[in-house]
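S.K.: Pasting in a structure now, in structure tokens, and then I'll have a few things to ask.
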Amino acid sequence: MKSENIVKCPECDSRSISQDISRGETVCADCGLVIAENVIDPREEWTEFGTDGASKSRVGTPSTPLFHDKGLTTAIPWQNKDYYGNGLSGKTRIQFHRLRKWQQRANTANGNERNLAAALVELDRISGRLSLSRRHREEAATIYRMAVDRGLVRGRSIDSMVAASVYLMNQKLQLARSLENIVDVTRCSRKEVSRAHKIIKAALGVRTTIPGPGIYVSRFCNELELPLVVEERSNEVILRAEKLELTHGRSPMGVAAAAIYIASRLEKQFRTQREIADVSDVTEVTIRNRYKELVLHLEIVLE
DNA sequence: ACACGTAGAGAACTGGT
DNA sequence: ACCAGCACTCTACGTGT
């Protein structure tokens, strides 16, 4: 990984690339794109093992919850070759075979570890499809790890528990992903995911604030390429709507979509109901119903 | 093209048993 | 665990500008 050679962000062309060495990441400071990860930390470890100072050289990637062994592995290659590429003698070969076997067992020996290993593969897959940042993946992985530790996964499908962990992380960190967004990228039903989610949430005692429409505004506006003023306007509308309890029992995405529709017209940055419906995963009908309601009760005049 | 309105179907939550 | 009732949303229209 030649991260030190990167000078421009491939996403936004910004030149402010920063290296977070202790996390092993190279990140664009402007758009937050992670350009490289698992970069080896070349700095000397603080702990000194020798007396000459030169022995402080233990390096490696930082620890992360994203691998079942937290990324701290020693790999014994399968080839029966030594460092110079020469073949190993029969005796050594047998010895290495045994070492490999034991390491395999040590890595995934108990059921929990094996479970985690499988789960993290799934987490990686769905995180990719939801384009979650590393921080979000780590939080989801941590939640899943706790669920495994409490024995919650036993007898339930790994996939549904992983999806539920992602959803819980999403709520905890106020990410704007709906349950549908997550169900779409898993192999299990909405019912399974929401049941698993309830179980984990209760067992871990995670408190989440019920997400209001507000959390969707910036994501939708981004996808619609609307300027910041529209975003602010939308939030004002939503705030007033919440005060009048116009949002209760309504799909938050529908309310957000309607607020954006109103705001975009107020700011003369017209977007059609169709366009807004597409990014917000609600239908035009719902946008219409919500926006009529909002306009009526908030006494907003659209010309 | 876009916005508007409606009817029937359907999914999801609540409370009851 | 299943069921009924409920409010809300969706699909699929037709209509109007």
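S.K.: On the given criteria, is A:Leu179 assigned by TED's automatic domain parsing to the domain that holds A:Glu267, modelled with pLDDT under 90 and not β-branched (Val, Ile, Thr)? If you could, list the steps in order and put the result at the bottom.
M.R.: Working: assigned by TED's automatic domain parsing to the domain that holds A:Glu267: no; modelled with pLDDT under 90: yes; not β-branched (Val, Ile, Thr): yes.
Against the criterion (assigned by TED's automatic domain parsing to the domain that holds A:Glu267, modelled with pLDDT under 90 and not β-branched (Val, Ile, Thr)), A:Leu179 does not qualify.
S.K.: Considering only the range A:186-205, I want to know if a residue exists there that is within 20 Å of A:Arg137 (Cβ to Cβ) and in contact (Cβ under 8 Å) with a residue 60 or more places away in the chain.
M.R.: Yes, because at least one residue in the range A:186-205 is within 20 Å of A:Arg137 (Cβ to Cβ) and in contact (Cβ under 8 Å) with a residue 60 or more places away in the chain.
So that you can scan it fast, the table gives a plain yes or no per residue for (1) within 13 Å of DNA strand C (Cβ to nearest atom); (2) closer than 14 Å to A:Glu236 by Cβ:
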position	(1), (2)
A:Ala258	yes, yes
A:Leu266	no, yes
A:Thr272	yes, no
A:Ala277	yes, no
A:Ser280	yes, no
A:Thr286	yes, no
A:Tyr291	yes, no
A:Leu294	yes, yes
A:Glu299	no, yes
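S.K.: Going through A:Asn222, A:Asn181 one at a time, which residue ends up being polar (S, T, N, Q), within 25 Å of A:Ser127 (Cα to Cα), assigned to a helix (DSSP H, G or I) and within 16 Å of DNA strand B (Cβ to nearest atom)? Write out each step before concluding.
M.R.: Working: A:Asn222 fails: within 16 Å of DNA strand B (Cβ to nearest atom).
Result: A:Asn181 is the single residue among A:Asn222, A:Asn181 that is polar (S, T, N, Q), within 25 Å of A:Ser127 (Cα to Cα), assigned to a helix (DSSP H, G or I) and within 16 Å of DNA strand B (Cβ to nearest atom).
S.K.: Could you tell me whether the range A:225-240 includes any residue that is within 16 Å of DNA strand B (Cβ to nearest atom) and surrounded by fewer than 19 Cβ atoms within 10 Å (Cβ to Cβ)?
M.R.: yes
S.K.: Looking only at helices (runs of 4 or more DSSP H) that fall completely inside the range A:229-303, which ones have 1 or more residues that are small (Gly, Ala, Ser) and at negative phi?
M.R.: Details: elements: A:252-266, A:273-280, A:284-297.
The qualifying helices (runs of 4 or more DSSP H) are A:252-266, A:273-280.
S.K.: Scanning the range A:280-294 for residues that are free of Cβ contacts under 8 Å to residues at least 60 places away in the same chain and more than 9 Å from DNA strand B (Cβ to nearest atom), which turns out farthest from A:Glu245 (Cα to Cα)? Break it down into steps so the answer makes sense when it comes.
M.R.: Step one: of the range A:280-294, the residues free of Cβ contacts under 8 Å to residues at least 60 places away in the same chain are A:282-294.
From the residues that got through so far, the ones that are more than 9 Å from DNA strand B (Cβ to nearest atom) too are A:282, A:286, A:290, A:293-294.
Working: A:Val282: 20, A:Thr286: 17, A:Arg290: 13, A:Glu293: 12, A:Leu294: 11 Å.
Only one residue fits best here, namely A:Val282.
S.K.: Which members of the range A:161-183 meet the condition of being within 15 Å of DNA strand C (Cβ to nearest atom) and either touching a residue at least 24 places away in the same chain (Cβ under 8 Å) or over 24 Å from A:Gly214 (Cβ atoms) (or both)?
M.R.: So the first thing to find is which residues in the range A:161-183 are within 15 Å of DNA strand C (Cβ to nearest atom), and the list is A:178-181, A:183.
Within the range A:161-183, A:Ser178, A:Glu180, A:Asn181 meet the criteria.
S.K.: For the range A:226-275, how many residues are free of Cβ contacts under 8 Å to residues at least 12 places away in the same chain, under 14 Å from A:Arg288 (Cβ atoms) and not β-branched (Val, Ile, Thr)?
M.R.: Total satisfying the criteria: 1.
S.K.: Specify the residue that is surrounded by the fewest Cβ atoms within 10 Å (Cβ to Cβ); the eligible residues are those in the range A:251-267 that are hydrophobic (A, V, I, L, M, F, W, C) and farther than 14 Å from A:Ser178 by Cβ. Even if it seems obvious, please write down each step before you answer.
M.R.: The initial filter retains those residues of the range A:251-267 that are hydrophobic (A, V, I, L, M, F, W, C), namely A:253, A:255-260, A:262-263, A:266.
Applying the additional criterion that residues be farther than 14 Å from A:Ser178 by Cβ yields A:258-260, A:262-263, A:266.
On the way: A:Ala258: 31, A:Ala259: 33, A:Ile260: 31, A:Ile262: 25, A:Ala263: 25, A:Leu266: 18.
Across the range A:251-267, the extreme among qualifying residues is A:Leu266.
S.K.: Look at A:Val162 and say whether it is at pLDDT below 90 and at negative phi.
M.R.: Details: at pLDDT below 90: no; at negative phi: yes.
In short, no.
S.K.: I would also like to ask the following. Return only the number of the condition from (1) loosely packed, with under 15 Cβ neighbours inside 10 Å; (2) at pLDDT 90 or above; (3) within 13 Å of DNA strand C (Cβ to nearest atom) that A:His248 does not satisfy.
M.R.: The one condition A:His248 does not meet is (2).
S.K.: A further question follows. Mind checking which residues of the range A:184-219 are outside any loop (DSSP other than H, G, I, E, B), hydroxyl-bearing (Ser, Thr, Tyr) and under 23 Å from A:Leu152 (Cα atoms)?
M.R.: Keep residues of the range A:184-219 that are outside any loop (DSSP other than H, G, I, E, B), which gives A:184, A:190-204, A:214-219.
This time we only want the ones that are hydroxyl-bearing (Ser, Thr, Tyr), so: A:194, A:216, A:218.
Across the range A:184-219, the qualifying residue is only A:Ser194.
S.K.: So, one more: Could you please find all residues in the range A:130-144 being part of a helix (DSSP H, G or I) and within 17 Å of A:Val193 (Cα to Cα)?
M.R.: Kept after step one, since they are part of a helix (DSSP H, G or I), are these residues of the range A:130-144: A:134-144.
A:Ala140, A:Ala141, A:Ile143, A:Tyr144 - these are the residues of the range A:130-144 that are part of a helix (DSSP H, G or I) and within 17 Å of A:Val193 (Cα to Cα).
S.K.: From the list A:Ala241, A:Ala203, pick out the single residue that is away from DNA strand C (no atom under 16 Å from the Cβ), touching a helix residue (DSSP H, G or I) at 6+ places or on another chain (Cβ under 8 Å) and not aromatic (Phe, Trp, Tyr). Write out each step before concluding.
M.R.: On the way: A:Ala241 fails: away from DNA strand C (no atom under 16 Å from the Cβ).
So the residue among A:Ala241, A:Ala203 that is away from DNA strand C (no atom under 16 Å from the Cβ), touching a helix residue (DSSP H, G or I) at 6+ places or on another chain (Cβ under 8 Å) and not aromatic (Phe, Trp, Tyr) is A:Ala203.
The values are calculated or read from the model by the stated rules, or taken from the named source; none is laboratory data. As the structure is a computational prediction, the values presented were derived from the model and not from experiment. FYI the Cβ positions are ideal-geometry reconstructions off the backbone, even for glycines, and counts take in every protein chain you see.
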